[in-house]
Every structure is written in C-alpha cells, then in structure tokens.
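Heads up: the structure comes next, in structure tokens.
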Amino acid sequence: MGIELIFGIASLAVGVISGVNQMNSANETKKATDKAVKKEKEAVKAKKEVNKIQTAQQTVSSLEERRQKIREERVRRAAMLSASEAVGGSGSSGESGAASALSTNLASLVGFQQGATKANQGINKYEQKALDLGTESNAIMARARARAGEADAFSSFLGVFQTGFNAFGSMKNE
C-alpha cells in the first residue's frame, strides 16, 4: 500500500505541475493575442494615414489636370477667335458654335474628372471601413480562441485533480 500511495502522490504532483503549466501557457497566449490585436489596430491606423495621403494626392492631381484642361481650352478658343477674325468671320455663328463646343467639351472633361475623384474617395472610405471591420472581427476571434484555451487549461487542471482524488479515494477503500 505504501508504494501505491507514493505513485498516487507523484501522479498528483505531475498532474498539478502539468495543469499549472497549461494555465500559464494559456495566459501567455492571451497576452500574445492582446499584443497582436494592439499591433493590428496600429496597422489599421497606418493604413488610414496612407488612404488620407492617397486621397490628397488624387485631389491635387485632379485639380492640376483640371487647370491644364482649362488652359488648353483657352488656348484653343484664342486660336479659333484669332483665325476667325483673320478670315473676317468674327462674330459668326460658326465661331459661336465652335466656342460653345469647346466649352461643352471642357465642362464634360471636368465633370468626368470630378466624378472619378469622388468615386475614388468613396472607394477609399469603404475599403478602410472594411479593413476596420475585418480587424475588429479578427481581434474578437483571437480573444475568443485565447479564452477557450484558458478554459481548456482550467478544465484539464480540474480533471487532473479529480483523477488524483479518485486515485486516493480508491486507495483508502483497499
């Protein structure tokens, strides 16, 4: 009976050490998960800054392109007016129609460009929103896995104690 008691105590000690190690490991997993979530949130903030910079850059490019189109339209209009005056057609319906066509084309290009800029801004906004939601979802799932690991470790720990106590209980009956 003495050797069984020694083996029972040794088994219980090994089980306790194993359970404590499992609980420590689960705790470390939880800490690592929290750190990973924090880093992922920092990455999202950095991505937001990138999106802001890209949006600003697109706006600047769009404005410069618009200025360039306006300059081109003014040069064409001046050339057309000069040519019309040189041939004696100044103030004619042809001159007026050509000027109107230039204005219409310019307005069309500017409108298209503004629409493209707004579309890009909307795309950036919703891509960022999707990234934020995905990050939050990943964080929730990571925390859930860490909590499940803690619960599993604690259950194992309790199971070891139960097994040890059952072993001692069966030794008393012998």
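The values are calculated or read from the model by the stated rules, or taken from the named source; none is laboratory data. For clarity, every value in this text was computed on a predicted model and none was experimentally measured. Reconstructed Cβ throughout: ideal geometry from the backbone, glycine too, with neighbour counts over all protein chains shown. SASA here: full protein model, heavy atoms, side chains in, ligands and nucleic acids out. Shrake-Rupley method; radii C 1.70, N 1.55, O 1.52, S 1.80 Å.
Key figures for this structure:
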read-out: Verdict on Asn138 being open to solvent by 50 Å² or more (accessible area, probe 1.4 Å), of a type outside the set (A, V, I, L, M, F, W, C), in contact (Cβ under 8 Å) with a residue 24 or more places away in the chain and closer than 30 Å to Met23 by Cβ; value: yes
read-out: Where Gly122 falls short, out of the listed (1) modelled with pLDDT under 80; (2) surrounded by fewer than 13 Cβ atoms within 10 Å (Cβ to Cβ); (3) more than 28 Å from Ala36 (Cβ to Cβ); value: (1)
read-out: Matching residues, segment 111-134, being more than 8 Å from the chain's Cα centre (by Cα) and of a type in the set (S, T, N, Q); value: Gln113, Gln114, Thr117, Asn120, Gln121, Asn124
read-out: Residue ID - surrounded by the most Cβ atoms within 10 Å (Cβ to Cβ), chosen from residues in segment 45-61 that are under 14 Å from Lys125 (Cβ atoms) and over 20 Å from the mean Cα position of the chain (by Cα); value: Gln58
